[in-house]
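Below you'll find the structure, written out as structure tokens, and then a few comments.
Taken together, the values in this text are just the output of simple stated rules run on the coordinates, not laboratory data. Because the structure is predicted, anything quoted here is derived from the model rather than measured. All Cβ positions, glycine included, derive from the backbone under ideal geometry; neighbour counts span all protein chains shown.
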């Protein structure tokens with residue numbers, strides 16, 4: 001407080017907020033480039049965006065090893081988890097941009113505004129992770145979501161894309177209102193928006209306040225479960241993933257999931273005092289999410305829908321990792337969760353990048369038979385698809401295998417054997433539909449009359465898939481150092 | 001029953017009835033007008049809580065700007081005229097929705113509201129809701145969310161333009 005009774009300006013450590021603000025700022029500059037030189041090629045915008053992301057990544061990376069802390073009146077937090085996930089989000093945006101331009105050109109929707117929107121969505125996700133304030137989490141969630149609603153509906157000439165945007169928007173707004181309603185209840189109980197206040201308010205041991213907290217916490221959980229696509233809040237996922245342009249789907253599957261899981265971690269960590277209430281609920285949600293995601297995926301005939309259900313199942317695996325950590329935080333660290341998030345992002349982005357090759361001349365076929373003959377038209381891409389699918393199944397020596405293996409071990413260590421078993425069984429089920437994708441790419445075209453669609457393999461797409469493939473294969477050789485790094489040793 | 005409660009209940013009743021009207025009316029223009037009433041009464045609730053700035057913003061922004069926009073959209077889509085009423089097919093979904101809504105309300109009432117009434121009433125500080133206080137807080141403690149909200153608005157504007165662009 002200053003002498004006149006007003007709050008003092010917050011002391012600001014600019015470095016902590018730099019990455020997210022930088023990404024948002026580069027989005028604004030990119031928009032101006034688009035404004036002053038419209039209808040040209042988007043190369044300048046893409047170049048600028050990639051440079052901006054790289055610089056933001058640099059400013060995130062140099063913060064490792066600096067002391068943890070909070071700034072901006074405790075609105076932004078710096079810790080190892082936040083930094084790693086922010087870096088991951090930057091990487092996801094980078095790879096998405098790499099293969100976007102070729103795809104959008106083939107799709108005849110090469111709007112320059114796409115790149116600023118993607119950058120803002122990234123910055124929204126980054127602030128969601130790098131905060132313990134519910135207010136900032138909500139604004140970050142909205143920045144991320146609204147940009148995604150627009151990008152999902154970007155292909156205006158396709159009814160599918162519009163349907164996807166409308167569905168995502170209506171259901172997302174509904175989920176956001178749950179989240180906001182929950183924040184209001186928590187504010188009522190704690191008198192503040194910082195997550196640390198939850199534990200304090202809980203310890204005051206006032207039964208009516210506890211009711212208020214529990215109720216608000218439940219509503220917040222619903223909002224974040226929607227974003228993470230947990231069953232039963234998953235219904236939007238397959239439709240939206242199928243209808244949205246493939247590059248947007250890729251960013252949605254990877255980036256949105258990372259942000260949601262990061263935010264979920266913050267909320268669960270702060271609500272550890274209420275664990276006896278939420279642990280059983282999330283236990284069953286994890287089981288249903290894994291099982292339903294995998295079972296329904298087996299019945300799908302569309303690659304993007306299949307990957308959509310696969311992302312639901314993967315959300316379940318991630319939830320198992322989180323629960324194992326919270327069940328016995330002393331024995332089980334967060335390394336498995338972060339490792340699997342990285343692995344999942346790389347393999348999903350890679351798979352979608354290959355699937356995005358199906359677009360040609362304004363049309364796009366994403367059903368299984370549209371992939372037929374991919375091995376002949378784009379042998380390298382088809383080969384890399386095998387790598388990504390192998391990783392999604394969990395075949396060694398891919399990142400997916402190690403990720404699932406570590407989650408399995410963690411679940412056993414934390415006395416969550418039922419979850420470990422369900423996870424193992426589900427991995428076995430998932431082999432069926434993942435192999436279906438590979439098989440579709442490696443059969444010959446079924447009819448010469450209907451030419452299979454396949455756009456040219458652009459440099460950006462090759463680079464994106466190569467980065468993902470190197471990541472998926474390479475990370476499994478350095479798991480020990482990666483784990484030590486994640487644990488902060 | 002003290003006067004405060006009576007005034008509040010009267011306003012709450014009008015707001016609730018208007019809110020039901022928004023959903024229940026078949027004509028979109030009537031729905032929009034019900035929404036105006038709801039926003040207005042809500043602003044009065046804010047006034048009664050000594051949140052004057054909130055109340056004025058509510059009237060200016062929601063009743064003034066947003067409702068005009070709603071009416072414009074209704075007019076441009078020509079939903080207001082004859083035959084433009086929203087017809088819904090008979091379906092079980094509204095019934096289920098009403099049921100779930102009542103269940104949620106009951107849950108809030110029994111789990112949260114009744115226990116809360118028993119506990120101490122929280123009091124706001126004296127300068128609560130004054131424009132000076134709100135302004136000072138917005139530009140000191142809450143400066144980051146304030147600026148992030150402007151990014152959010154920018155996303156909305158650019159998004160609207162992008163969606164309006166059909167062709168290159």
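Between region B:19-71 and region A:320-395, what is the C-alpha centre distance in whole Å? What the calculation gives is 47 Å, centre to centre. Based on alpha-carbon atoms, the Kirkwood radius and the radius of gyration of chain B give Rg/Rh equal to 1.03. So what does the Cα-only Debye profile of the protein assembly as shown read at q = 0.07, 0.08, 0.12 Å⁻¹, as log10 I(q)/I(0), no solvent term? Taken in order of the listed q values, log10 I(q)/I(0) reads -0.47, -0.62, -1.40. How tilted is helix A:459-474 with respect to the longest principal axis of chain A? Cα atoms for both, answer in degrees (0 to 90, nearest 10). Once rounded, the angle reads 60 degrees.
Computed on the Cα atoms alone, the convex hull of region A:362-461 gives a volume of 123 cubic angstrom per residue. Note that region B:125-168 shows a convex hull volume over its alpha carbon atoms of 78 Å³ per residue. The residue A:79 and residue A:459 beta-carbon pair, evaluated with R₀ = 45 Å, returns a calculated FRET efficiency of approximately 0.75.
Just to check, using Stokes-Einstein with a Kirkwood Rh over alpha carbon pairs, what's the diffusion coefficient of region A:255-361 at 20 °C and 1.002 mPa s in µm²/s? Kindly include the intermediate steps, with their values, before the conclusion.
Working: Rh = 15.0 Å.
The diffusion coefficient I find is 143 µm²/s.
Going out from 0 in 10 Å bins, what whole percent of all Cα-Cα distances in region A:392-446 drops into each bin? Calculated over all Cα pairs of region A:392-446, the distribution is 23, 41, 23, 10, 3 percent. Within region A:1-153, the ratio Rg/Rh, alpha carbon atoms throughout and Rh by Kirkwood, equals 1.04. Both numbers refer to the Cα atoms of region B:1-81; Rg and Dmax are 14.2, 48 Å. On a 0 to 90° scale, report how tilted helix A:379-393 is relative to the longest principal axis of chain A, with both axes built from alpha carbons and the result rounded to the nearest 10. That helix lies at roughly 40 degrees to the long axis.
Summarising the label geometry, the points placed 7 Å from Cα in the beta-carbon direction at residue B:153 and residue B:98 lie 4.0 nm from one another. Taking a virtual spin label 7 Å from the Cα of residue A:55 along the C-beta vector, which residues in region A:88-111 bring their backbone nitrogen under 13 Å of it? No residue qualifies, since no backbone N sits under 13 Å from the label point. Label-to-label distance for residue A:64 and residue A:421 is 3.9 nm, based on points extended 7 Å past Cα in the beta-carbon direction. The C-alpha atoms of region A:13-270 occupy a region whose extents along the principal axes are 63, 42, 26 Å, arranged from largest to smallest. Relative contact order for chain A: 15 percent, from Cα pairs under 8 Å spaced at least 6 residues apart, divided by residue count.
How tilted is helix A:257-270 with respect to the longest principal axis of chain A? Cα atoms for both, answer in degrees (0 to 90, nearest 10). Between helix and principal axis, roughly 20 degrees.
Which values, in whole Å and largest first, are the semi-axes of the equivalent ellipsoid of region A:1-78 obtained as the square root of 5 times each eigenvalue of the Cα gyration tensor?
Details: eigenvalues 225, 67, 7 Å².
Working through the eigenvalues yields semi-axes of 34, 18, 6 Å.
Helical runs assigned H by DSSP (4 residues or longer) give chain A a calculated mean residue ellipticity at 222 nm of -24000 deg cm²/dmol, each run adding -39500 (n - 2.57) before division by the residue total.
Can you give the mean number of other chain Cβ atoms that lie within 10 Å of the Cβ atoms in peptide B:157-165? Walk me through the numbers before you get to the answer.
Values: counts 0, 11, 12, 1, 3, 12, 9, 1, 5.
Neighbouring Cβ atoms belonging to other protein chains average 6 per residue here.
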